[in-house]
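No lab work stands behind these numbers, since they all come straight from the coordinates. Owing to the predicted nature of the structure, the values given are computational and were not obtained by experimental measurement. Cβ sites come from the backbone with ideal geometry, for glycine too, and all protein chains shown count toward neighbours.
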Amino acid sequence: MSVSLCKVFPHLQNAEVSLDVQHPVPLFLPVRTKKRYFIPPAVGMKGKGEENTEAKARAAGIVFRQQYFERPINIACTAGIFDPYVPPEGDARLSSLSKGGLKQRTEQIRQSAASQLAIRKIKEHDSEFTTKDFSERAQEIFIEAHNCLTQFNKEKLHSLVTERCYPEMTRGNRYKTICWRFLESLEPPRVVHARCPDMVSKGNLYGQVTVRMHSKQTLAIYDRFGRLMLGSEEQPKDVLEYLVIERHLVNPYGRWRLHGKIVPSWAPTKDPVIKTVMIPGPKLKPGEEFDALNYSVPKPEAVQWNK
Amino acid sequence: DVFTGTAFIRNISGALHSRLQVLGGGAQQLSCLHTSASLESKNWERRNLKVYPPQLPNEQRRAAEIHHSRRQIKYSKDKMWYLAKMIRGMSIDEAIAQLEFNDKKGAKIMKEVLLEAQEMAVKNHNVEYKSNLYVAESFSGKGKYLKRIRYHGRGMFGIMDKVYSHYFVKLVEGSPPQMEQKTSFDQAKEYVQSLKNRTIIHGL
């Protein structure tokens, strides 16, 4: 097409070159190539097995250079909570003075053998591990981590919270303001559960310890415009939480960090968000009508889940 | 990067203070200074990232503002302006209804932009009722044009612009503000009053 253009409007070719840089003028035309009467067999084949070529090359005597892993991936935390602790029903409802409460109080970690084994393993690697001051440390880590969340101190938060927990804590918080205060602890924190799973290869030990704490906290979340979305500043709430703290035991520089929370199935429902939200209605067949009077909003199942 | 509400406001105010001081001092030298000279400056979208500090309970609830835009629409900015001027000040439902039954090509695109903005408002910006929005600002801008050759007779040519435009819209929560309708009698009264307020200086 450009050849005919060249013949009819010779002066236009220069104009094309100067203005329209996206279509450069070709300097020569491809002439139709000579027909090949012999086509090598390699042209027809599309995909070959790569192992074949590699093995063949190695057999032929070609030596490959050593492959360096310039960017090794270090996994410092597990992907979830192994063998999660199932909190007994009505944990914080009964007071210590009643009979049922005493029974619960006497359920110590001595009951579960697996937790004892796990704690023994942890004591092998970390000699200064005691259940008493570990629970205090766990509470301190929890308070520090949430204070960092309110100030958006990313570096400190990464050192207090594992990589799995960090996105769960900070998702959607970037354009919101969080005001959180820890008022007091109603009961001293207790270690209730411990496990020592190993990831990928045997011997790569991670220790996961579950700590139970009952405390008073205030939480208020404001959206982008400074309007209250959830909670209130003045009204404190009693919170019973089961925190999972994890550490990479084999790593000498490993630290105990918050790994997640366990929400039991019998937990009371949280306060609703201040605004009204539309939920999708039931799927109707064509011809059916939506019966607003007899329709009940489906409630989520009461299942224990890890956060 | 992440900023807290207060830290961000402090940063902005700090920058503004320094800018004002500098301007007051060397006005002549810095009059040619202008910031953000890049071609792909997405300032309109960045207005969505501003975080305000938490409001006290006795303050009036701040209205949510949502900025949305679409870039490089294959339509003329002048033709787009007519539609943008039409929906200025309308509530969002009214604006969408008007655009749906408008015959222009830009109306369909503008309607998509408005629906996107409405969804964004409900999902990301904590707007409670999706009909409680109105169009505060809406305007069109020139996009980046592609240049082609338009062939004329006798070997003459013209540069043809393939026209693109941007469309910007700002939705604010609340009912649309009522514009004061001035009657012709009121305008006539004002004219007569302005005539009466004239004073004759240096007169006898």
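Strictly over 32 Å apart at the Cα level, which of A:LYS154/B:LYS111; A:LYS121/A:LYS270; A:LYS275/B:LYS170; B:LYS50/B:LYS142; A:LYS285/B:LYS108; B:LYS42/B:LYS182 would you flag in this model?
Values: A:LYS154/B:LYS111 40 Å; A:LYS121/A:LYS270 37 Å; A:LYS275/B:LYS170 22 Å; B:LYS50/B:LYS142 25 Å; A:LYS285/B:LYS108 30 Å; B:LYS42/B:LYS182 38 Å.
Violating the 32 Å limit, Cα to Cα: A:LYS154/B:LYS111; A:LYS121/A:LYS270; B:LYS42/B:LYS182.
What does the net charge come to around A:ALA145 if you take all other residues with beta carbon closer than 9 Å to its beta carbon, with K and R at +1 and D and E at -1?
Values: positive: A:LYS156, A:ARG257; negative: A:GLU144.
The answer is +1.
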Order of A:LEU240, B:LEU56 - criterion: other Cβ atoms within 10 Å of each residue's Cβ, fewest first: B:LEU56, A:LEU240
Under 30 Å from A:LYS56, Cα to Cα: lysines that are on another chain or at least 8 residues apart: A:LYS46, A:LYS48
All-pairs Cα distance distribution in the stretch B:63-174, expressed in whole percent, bin size 10 Å: 14, 41, 24, 11, 6, 3, 0
Pair A:ASN251, A:ARG120: separation of 7 Å Cα→Cβ label points (nm): 2.8 nm
Formal net charge of residues neighbouring B:VAL127 (Cβ-Cβ distance under 15 Å; K, R +1; D, E -1): +2
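Tell me which trypsin sites (Lys or Arg not before Pro) from the stretch A:183-255 have a DSSP coil assignment and no more than 15 other beta carbons within 10 Å of their own. Could you put the intermediate results ahead of the total?
Values: sites: A:ARG190, A:ARG195, A:LYS202, A:ARG212, A:LYS216, A:ARG224, A:ARG227, A:LYS237, A:ARG247, A:ARG255; in loops: A:LYS202, A:ARG224, A:ARG227, A:ARG255.
Passing both the DSSP loop test and the Cβ count: A:LYS202, A:ARG255.
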Surrounding net charge for A:LYS237, when Lys and Arg each add one and Asp and Glu each subtract one, Cβ distance under 13 Å: -3
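Once you keep just the Cα pairs under 8 angstrom separated by 6 or more residues, what percentage relative contact order results for the stretch B:116-204? Don't skip to the end; give the middle numbers.
Values: 88 pairs, mean separation 24.6, N = 89.
Here the relative contact order equals 28 percent.
Hey, got a sec? Which GluC sites (Glu not before Pro) in the stretch B:72-136 land in a DSSP loop and have at most 16 other Cβ atoms within 10 Å? Kindly include the intermediate steps, with their values, before the conclusion.
Values: sites: B:GLU94, B:GLU100, B:GLU112, B:GLU116, B:GLU119, B:GLU128; in loops: B:GLU128.
The qualifying sites are B:GLU128.
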Packing-based order for A:274-280, A:154-160, using average beta carbon neighbours within 10 Å, highest first: A:154-160, A:274-280
Label-point separation, A:ASN306 to A:SER159 (7 Å along Cα→Cβ), nm: 2.7 nm
28 Å tail of the calculated P(r), the stretch A:102-262, as % of Cα pairs: 27 percent
